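See structure below.
Rule-based calculations on the coordinates, nothing more; no lab input. A quick note: this is a predicted structure, and the numbers were derived from the prediction, not measured. Ideal geometry is used to build each Cβ from the backbone, glycine not excepted, and the neighbour counts take in all protein chains shown.
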There are 2 protein chains.
Amino acid sequence: MVTIKDVARAAGVSVATVSRVYNSSAPVRQDTRDRVRAVAEQLGYSPHGAARSLITSRTHTLGVLLPDLYGEFFSEVIRGVDGAAQRAGYHLLVSSLRGESHGLEAALRSMRGRVDGLIVMSPDLDAGAAGRSLPSGFPVVLLNGPPSDAAYASLVVANAEGAQAMVAHLAGLGHRRIALVGGAARNYDAEERRRGYRQGLGEAGLPWRPDYEVAGDFSEESGHAAALRLLSLPEPPTAIFAANDCMAIGALSACRDHGRKVPDDVAVAGFDDIPMARYVDPPLTSVHVDISALGARATERLLDALRAPANRDLRRETLPTTLVVRRSCGALTPTPMREIP
Amino acid sequence: MVTIKDVARAAGVSVATVSRVYNSSAPVRQDTRDRVRAVAEQLGYSPHGAARSLITSRTHTLGVLLPDLYGEFFSEVIRGVDGAAQRAGYHLLVSSLRGESHGLEAALRSMRGRVDGLIVMSPDLDAGAAGRSLPSGFPVVLLNGPPSDAAYASLVVANAEGAQAMVAHLAGLGHRRIALVGGAARNYDAEERRRGYRQGLGEAGLPWRPDYEVAGDFSEESGHAAALRLLSLPEPPTAIFAANDCMAIGALSACRDHGRKVPDDVAVAGFDDIPMARYVDPPLTSVHVDISALGARATERLLDALRAPANRDLRRETLPTTLVVRRSCGALTPTPMREIP
DNA sequence: CGAGCGCATGTAATCGTTTACATCCTGACA
DNA sequence: TGTCAGGATGTAAACGATTACATGCGCTCG
């Protein structure tokens with residue numbers, strides 16, 4: 001491996017000069033600069049990241065900790081983060097937790113000295129304790145986490161507001177029996193969406209019924225099963241609102257299996273508006289969340305914190321959601337028109 | 001930041017002893033070992049990665065270079081890689097190329113000294129030149145790349161064989177007018193799948209027709225547009241085979257828009273078998289590729305190369321694909337409950 | 001013409017580890 | 001009792017960069 005010394009020797013200068021050429025940290029005469037560059041090029045030199053970060057204590061790397069790497073949601077988050085990081089010349093150290101509870105602490109530890117800051121997505125409600133394993137004052141941005149006492153910058157999507165808007169929309173279409181397929185247990189997003197659902201019912205003057213709130217775990221299978229249970233009730237709902245799109249898609253196939261037409265017999269709606277949502281049949285009404293923007297915004301806040309460690313911005317920022325109405329809720333009917341009052 | 005020195009001082013030992021406790025590189029008496037561990041724990045010490053890798057010249061990090069981070073395909077690859085890497089105690093430095101052609105070289109350079117090895121996914125046909133920017137003998141595993149003269153370990157999926165099997169299946173169902181929606185231009189996977197398609201036609205004794213081969217770019221939009229074009233032909237195909245699932249899903253919605261029933265009027269099939277494939281309506285017949293296994297296998301080969309740099313295994317390995325028949329091709333008629341998962 | 005300034009460059013300390021080598025100590029054995 | 005083996009520990013030199021400080025040189029200006 002060719003080092004800065006090799007380049008210095010070959011170019012007939014000192015290592016300091018080579019370093020200065022690469023960092024523009026001090027003026028270097030044009031001709032020496034050219035000579036160094038040429039020699040470096042020819043030798044195939046590029047500075048050694050570890051050595052660099054040892055002395056500068058900057059790694060130019062951001063850590064990204066995700067609960068899992070499954071599905072479009074996470075690939076979108078990473079995409080957003082990667083874009084913003086790349087623009088700023090930062091690398092990404094990605095890791096998933098895969099359910100290990102002590103994993104968060106272990107992962108945080110093993111990243112020490114490897115990253116300048118962290119983006120942590122921990123929707124798990126009791127993950128707050130994890131913060132202790134990183135030095136206080138370490139730049140961190142929390143994604144979709146519960147409001148914690150710990151003083152971290154955090155970013156959440158407007159879960160409750162989105163869910164509430166969806167219920168209002170369904171109620172506005174005349175639905176009076178609106179059911180919820182809930183998200184994973186002990187998941188902050190899931191709880192907030194449920195809260196929004198209940199609040200929406202209240203504002204529409206609809207009663208909350210325990211049998212209309214069934215549990216899911218964000219997977220298609222669970223959405224399928226939950227919808228089947230709802231449709232088999234003595235008084236089945238006329239609208240099914242799933243806490244994410246995967247479950248909504250599961251619900252759609254459950255409706256088919258159960259012989260119910262969507263949206264004629266029953267309306268279905270989801271949450272997240274993943275790219276696939278518009279391609280299922282019927283296209284899925286959902287609450288749009290700009291996931292990659294979420295990742296990008298988190299990255300920007302982290303980079304801000306790195307640039308100006310002094311004035312730390314620890315606010316909790318909420319990303320708005322928007323209602324996307326497609327055919328699955330019956331608001332827009334296909335060519336054979338069928339009005340809903 | 002607490003360093004090894006602080007721990008050594010607080011525990012009343014030398015830095016060497018602390019280091020030995022952490023690396024088990026030499027025997028340390030049980031009681032000193034315990035004392036060091038306790039002190040370290042209490043001080044919140046964990047070894048500094050950069051310093052460590054500077055002296056050992058091992059980073060315990062793998063670089064993953066992907067053309068883009070969009071869609072389920074890439075999230076699955078990363079998931080597979082992450083799983084295998086985590087099991088071996090390795091970190092992941094992920095980066096996308098986002099289309100910059102010189103990006104590959106730049107990315108490779110900027111990863112020097114930060115990773116022990118690389119997994120590079122470069123389906124671009126003329127990316128072969130990139131190899132020059134990394135020191136020869138550097139451990140690399142190529143994913144889904146064209147067979148290159150460069151001596152790299154590589155991994156591909158059985159694109160041509162899968163496509164051929166799909167065409168054979170469709171022909172076996174009686175289809176004689178089978179069209180292809182091709183993948184992105186200058187993409188190796190796309191070319192191989194096209195080759196398999198043509199070969200399949202030949203073996204089934206069907207003529208190759210230029211108007212039945214329309215270009216796409218792997219996106220839903222392009223699949224939608226391509227299918228519309230096919231359906232508007234004077235003699236439209238009875239089966240549409242898209243070079244990936246996203247385009248197939250686009251084709252499904254195009255068929256709906258065009259008033260053609262799938263699979264009664266036209267059969268549709270895809271490639272990749274992404275998780276969503278079984279949830280669209282009708283469920284999509286596809287060529288199954290175990291994408292996360294692809295990532296995991298690539299990682300294992302890379303780790304092998306790291307463990308035994310001497311006997312380098314530079315073979316080109318092909319991952320088999322399997323045909324997954326669902327309703328969209330008409331092989332399984334209505335009875336909706338009876339799908340192949 | 002000499003003082004002094006500032007540009008270009010070199011020298012060497014430093015970052016936090018690992019590890020070869022040196023040292024010390026304890027106990028077994030002749 | 002002296003020797004020696006070998007386990008436990010310490011000392012200090014790397015690793016490859018950055019950077020404060022020192023140095024040398026050509027100018028300008030009083």
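Data table
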quantity: Under the Debye formula (equal points on every Cα, no solvent term), log10 I(q)/I(0) of the protein assembly as shown at q = 0.11 Å⁻¹; calculated: -1.19
quantity: Charge tally in the Cβ shell below 12 Å around B:Ala26, where Lys, Arg are +1 and Asp, Glu are -1, B:Ala26 excluded; calculated: +3
quantity: Cα long-axis angle, helix A:30-43 against chain A (0 to 90 degrees, to the nearest 10); calculated: 70
quantity: Estimated FRET transfer efficiency when R0 is 56 angstrom, pair A:Ala151-B:Lys261 (beta carbons, to 0.05); calculated: 0.45
quantity: Charge-dipole axis of segment A:4-47 as Lys and Arg at +1 and Asp and Glu at -1 on Cβ define it, positive-most pick from A:Ser19, A:Val7, A:Ala40; calculated: A:Ser19
quantity: Cα-based helix-to-principal-axis angle, A:220-231 vs chain A, degrees rounded to 10; calculated: 20
quantity: Inter-probe distance in nm under a simple model that places probes 7 Å from Cα toward Cβ, at A:Arg98 and A:Ser232; calculated: 3.5
quantity: Rounded tilt (10° steps) of B:291-307 against the dominant C-alpha axis of chain B; calculated: 40
quantity: Ranked list, fewest to most other Cβ atoms within 10 Å of each Cβ, for B:Met111, B:Met247; calculated: B:Met111, B:Met247
quantity: Shielding of B:42-54 by partner chains, average beta-carbon count, 10 Å; calculated: 6
quantity: Per-residue Cβ neighbour rank within 10 angstrom, fewest leading, A:Thr299, B:Thr56; calculated: B:Thr56, A:Thr299
quantity: Beta bridges by DSSP in the protein assembly as shown, antiparallel share as percent, to the nearest 5; calculated: 15
quantity: 5 angstrom amide H check on B:Leu323, placed H, neighbours 5+ away; calculated: B:His288
quantity: Dipole magnitude of chain A, debye to nearest 20 (Cβ charges: Lys/Arg +1, Asp/Glu -1, about Cα centre); calculated: 1300
quantity: Under 5 Å, built H, 5+ apart or other chain: amide partners of A:Val140; calculated: A:Leu118, A:Ala153
quantity: Label-to-label distance, nm, for residues given as A:Arg316 and B:Leu314 (7 Å Cα→Cβ offset); calculated: 5.7
quantity: Lys, Arg +1 and Asp, Glu -1 on Cβ, resulting dipole of segment A:4-47 about Cα centre, debye, nearest 20; calculated: 120
quantity: Cα Rg, Dmax (largest Cα-Cα span) when computed across segment B:183-341, Å; calculated: 17.9, 61
quantity: Alpha carbon convex hull of segment A:4-47, projected area averaged over orientations, nm²; calculated: 2.5
quantity: Along each principal axis, Cα extent of segment A:1-95, largest first, Å; calculated: 54, 24, 23
quantity: Note, ³J(HN,Hα) from phi for segment A:165-170, Karplus 6.51, -1.76, 1.60, rounded to Hz, x at Gly and Pro; calculated: 4, 5, 4, 4, 4, 4
quantity: Label geometry 7 Å along the beta-carbon vector: B:Gln30 inter-copy distances in nm; calculated: 7.3
quantity: Shielding by other protein chains, A:216-225, mean Cβ within 10 Å; calculated: 1
quantity: Within 10 Å of each Cβ in A:266-278, the average number of Cβ atoms from other chains; calculated: 2
quantity: J(HN,Hα) series, segment B:185-197, from Karplus relation 6.51 cos²θ - 1.76 cosθ + 1.60, nearest Hz, glycine and proline x; calculated: 5, 6, 10, 5, 4, 4, 5, 5, 5, 5, 4, x, 4
quantity: Mean projected area in nm² (Cα convex hull; one quarter of hull surface) for chain B; calculated: 21.8
quantity: Sequence-distant residues sharing a close amide H with A:His91 (under 5 Å, placed H); calculated: A:Thr61, A:Leu62
